[in-house]
Every structure is written in C-alpha cells, then in structure tokens.
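The values are calculated or read from the model by the stated rules, or taken from the named source; none is laboratory data. Keep in mind that what you see is a predicted model, and the values were worked out from it rather than measured. Cβ coordinates were reconstructed from backbone atoms using ideal geometry, including for glycine residues, and neighbour counts include every protein chain displayed.
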Amino acid sequence: MEPNELGRFEAIVLPHLDAAYTLARYLTRHEHDAQDVVQDAYLRALKYFEGFRGAEGGDGRSWLLAIVRNTAFTWRRRYQQEAGAAEFDEQLHSETVAEVDPESELLGATARESLHQALDRLPPEFREVIVLRELQGMSYKEIGEVTGVPTGTVMSRLSRARSRLQRALYVGQEGR
Amino acid sequence: MIHGNPELQLDAYLDGELDSRDTREFERHLKECRECARLRDARVALSAAIRAELPGLRAPDELKTRVRTSLRSAAGSTVSRLQWPAVGWRSLALAASLVLVAAGSWQIATDRTAREALSEQVLTSHVRSLMPGHLTDVVSSDRHTVKPWFNGKLDFSPSVYDFAAQGYPLFGGRLEYLGDRPVAALVYGRRQHLINVFLWPASRGETEGPGSTMHQGYHLLHWTTPQFTYWVVSDLGPAELNEFARMLREADSAARL
C-alpha cells in the first residue's frame with residue numbers, strides 16, 4: 001500500500017464506524033464481540049482496499065458493511081454463538097414466516113414480547129435486512145450488495161422479517 | 001398487482017422501491033382493498049416502532065481508538081512488506097512523495113545493519129507523516145517561521161530552505177525521533193506530492209557522499225555534510241529526488257561559506 005492510501009482509506013471508511021458498529025452489534029448481540037468484529041472487519045477492509053478501488057464509483061458504506069457482515073458471520077460460525085440455532089434455510093424460514101397470520105398469531109399469543117427481543121430471535125439473515133433498511137436507510141440494491149443476495153431475495157427477506165416483527169408488535173399493542 | 005403477495009408489494013411500495021407505474025397502480029389498489037390498507041397501517045406502525053425502540057448505535061470511543069491504532073500499525077507493516085518489484089516504477093513516479101531525512105551519527109552511517117534499521121525508522125516516519133494530522137507541527141511556507149519554531153525543541157538549529165521557485169515549496173516542519181534522538185523533520189512538496197525533510201547533526205564532522213538505496217519500494221538517499229547527516233526517503237522518481245538532494249546540498253554548501 002502506498003502511504004497516501006491509508007489516509008484515503010480512513011477518509012472512506014471511518015465515517016461509517018457507527019453504521020459498522022450498529023450492524024455488528026445487532027448481528028453478534030454482544031457488545032464486546034461487536035467491537036472485535038468491527039476491528040477485524042476494518043483490518044480486512046484495509047487488506048482488500050485495492051479491490052474496492054478497482055470498482056469505480058463503489059459505495060464505501062456498502063463495501064465496508066459487506067465486510068463487517070461477513071466478518072460477523074465468520075465469527076458466529078467460529079464461536080458458535082448461535083449454538084443450537086439451525087443453519088439458515090431460505091425456503092424453510094420463509095415458509096415458516098409466510099404462515100404467520102397476524103390476527104391468528106395475535107389471538108394465540110400469550111406472552112408479550114418486546115420488539116428488541118423479537119429482533120434478536122430472528123435468524124441473522126432476517127435481522128440484518130431490518131437493520132440495514134430501517135436503521136441505515138439502505139435501498140434494496142445496497143442491502144443486496146452488503147448481504148450478497150439478489151434484490152428479489154432482499155425484498156422477500158425484508159417482508160418476511162417484518163411480518164415476524166409485526167406479530168411481536170401486535171402482541172405488544174394487545175397487551176395494553 | 002404484479003404478484004400475488006400483497007405484503008411484498010406493500011413493503012416495496014413503502015420502501016420506495018416500486019417504479020412510478022407500479023406505485024400508482026398500488027395506490028389505486030390500496031383505496032379499494034381494506035385488507036391491504038390495514039396491512040399498510042400495521043407496517044407503518046411497525047416501522048415507527050423499530051425506529052423508536054431500536055436505535056442506531058454510536059461506536060464507543062474505545063472502539064474508535066482501537067480501530068485507528070490497529071489500522072496504522074497494519075498499514076505500517078504492509079508498507080514494510082512491500083518489495084520493490086511489486087510496486088512498479090511508474091506508479092511510484094506518479095504517486096511521488098518524498099521524505100528527506102538528515103540524520104544520524106557517523107557510527108550509524110558506517111554500520112550497515114544500523115543503517116538498515118535507521119532506514120526502517122525513516123520509512124516508518126515517512127508513512128506515519130502521511131496520515132491525517134501527522135504531517136506538520138508548524139505549518140508555514142516561510143523558512144523564517146519554520147526554522148525558529150525548532151528553537152528550544154532541539155539542541156541544534158536545522159537548515160531550512162524554500163525551493164518554491166524550483167517547484168519544491170516548503171510546507172512546514174515537525175519534531176521526529178530517529179536513531180535514538182530527536183531530529184528535525186521538514187516538509188516540502190513536489191506538485192501534488194509530499195516531501196518530508198528530517199535532519200540532525202553529524203557527530204564527528206566526517207562527510208559522506210550521497211548513498212542511495214531502494215528500500216521496500218521507496219527511494220532513500222543519505223549523505224553527511226560537516227554539519228548534518230541527511231536521509232532522503234521517497235516514492236518519487238530518482239531523477240526528481242536526486243535533483244532535490246542536489247539543491248539541498250548546494251544550499252548547504254552556500255550557507256557554510
């Protein structure tokens with residue numbers, strides 16, 4: 001790396017530190033793990049910076065968050081923090097969610113659950129699209145760049161994740 | 001409706017991901033379909049709840065420090081791993097920046113291993129100086145401002161020149177620590193590129209002609225005058241680097257007369 005490049009690199013990635021931390025925090029669900037993931041991701045990003053510059057007009061935020069995301073998933077696999085959780089299955093999880101009928105869930109629900117807990121219980125593949133869309137305000141295309149899936153998949157994951165969360169919210173409202 | 005899944009349509013609509021034709025079509029549908037209107041209200045409420053209850057987070061200061069520190073040390077080691085053939089002459093010449101280091105005692109200059117260690121330090125110093133906020137402690141193109149700034153900070157008064165007329169303007173200076181002693185670092189520019197100059201007194205007044213080395217992709221020059229030992233490290237092309245060194249040596253000679 002040419003020395004000027006570090007300055008350029010920092011100018012591109014450091015403004016997104018809060019976004020990186022937010023994503024890592026929601027994905028790992030642990031503050032210290034999130035910090036380790038972010039630090040690790042920034043070091044990886046530095047290593048791959050050459051590749052990023054190759055893609056002209058590339059968006060620094062999407063590029064960085066994709067690395068944060070992949071780092072977090074690597075960590076999850078390595079440390080088994082989702083021990084007991086089944087591997088994500090697009091079809092299986094999607095179908096499960098699709099079956100949810102807000103009203104029947106509402107009637108059948110006995111426990112009130114906070115939105116935060118509901119988000120934590122989502123598979124990370126659903127959790128991340130919520131964070132990227134609702135907290136980072138990213139477009140489907142940008143979310144696709146971060147998560148490495150087609151826009152159509154982003155759309156369906158997001159919709160299904162919301163349906164799950166909606167159930168929690170309905171329960172919350174009903175509990176008044 | 002384009003597809004049979006109203007939730008998918010609704011989400012895309014609320015996220016602003018439908019094109020204008022589909023948007024109009026969906027809005028018409030919302031007026032007619034109570035089910036979709038009800039779903040819309042629920043989605044809007046959900047979105048509001050998420051934003052209220054699930055805040056975006058601020059990175060802790062501790063993390064900011066960790067990230068910056070690790071990047072700098074990683075970038076430093078990346079630079080020192082670079083080998084000359086991997087860099088390529090043309091890219092060096094294009095992204096030229098130049099550090100001139102006037103350094104050291106003759107013991108260091110005559111000890112090959114110590115010299116290599118010093119050139120490592122020179123290079124590290126060069127790389128560090130290019131990071132934001134590290135280039136200069138005194139910012140001035142006026143050598144009569146830069147030179148006195150070192151008063152009381154060093155046990156010698158460094159030679160400071162301005163080669164703006166020749167295309168190497170003075171930017172400023174700072175203190176550095178090289179070869180186990182504080183040294184003067186002077187910063188010059190060449191077109192859009194940076195030039196850093198460091199110097200400290202030669203201990204025994206032995207002179208040494210310019211020696212040049214290629215070190216980890218950077219070009220280094222060093223020489224000793226009766227007064228100072230100089231080091232130049234740069235990713236600038238050798239022609240311009242040598243020209244700069246020649247001007248500096250001539251200015252030094254003239255100053256001694």
message: Being in contact with a helix residue (DSSP H, G or I) (Cβ under 8 Å, 6 or more places away or on another chain), at the interface with another protein chain (Cβ under 10 Å from one of its Cβ atoms) and surrounded by fewer than 16 Cβ atoms within 10 Å (Cβ to Cβ) is the filter here; which residues of the stretch B:15-36 pass it?
response: none
- prompt: Can you tell me how many residues in the stretch B:163-193 are touching a Ser or Thr at 6+ places or on another chain (Cβ under 6 Å), over 17 Å from B:Thr145 (Cα atoms) and at pLDDT 75 or above?
  reply: 1
field: Filter result for B:Leu175 (in a loop (DSSP other than H, G, I, E, B), more than 17 Å from B:Ala255 (Cβ to Cβ) and aliphatic (A, V, I, L, M))
entry: no
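Conditions tested, residue by residue: (1) touching a helix residue (DSSP H, G or I) at 6+ places or on another chain (Cβ under 8 Å); (2) at pLDDT 90 or above; (3) among the charged types (D, E, K, R); (4) not in a helix (DSSP H, G or I).
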{"residue": "B:Met1", "(1), (2), (3), (4)": "yes, no, no, yes"}
{"residue": "B:Arg38", "(1), (2), (3), (4)": "no, no, yes, no"}
{"residue": "B:Thr69", "(1), (2), (3), (4)": "no, no, no, no"}
{"residue": "B:Ala86", "(1), (2), (3), (4)": "no, no, no, no"}
{"residue": "B:Leu92", "(1), (2), (3), (4)": "no, no, no, no"}
Single unsatisfied condition, A:Thr22 versus (1) within 8 Å of chain B (Cβ to nearest Cβ); (2) free of Cβ contacts under 8 Å to residues at least 24 places away in the same chain: (2)
message: Tell me yes or no: at least one residue of the stretch B:45-57 is within 11 Å of another protein chain (Cβ to nearest Cβ) and touching a residue at least 60 places away in the same chain (Cβ under 8 Å).
response: no
message: Name the residue that is nearest to the other protein chains (Cβ to nearest Cβ), counting only residues in the stretch A:146-156 that are surrounded by fewer than 24 Cβ atoms within 10 Å (Cβ to Cβ) and either closer than 17 Å to B:Ala49 by Cα or touching a residue at least 40 places away in the same chain (Cβ under 8 Å) (or both).
response: A:Ser156
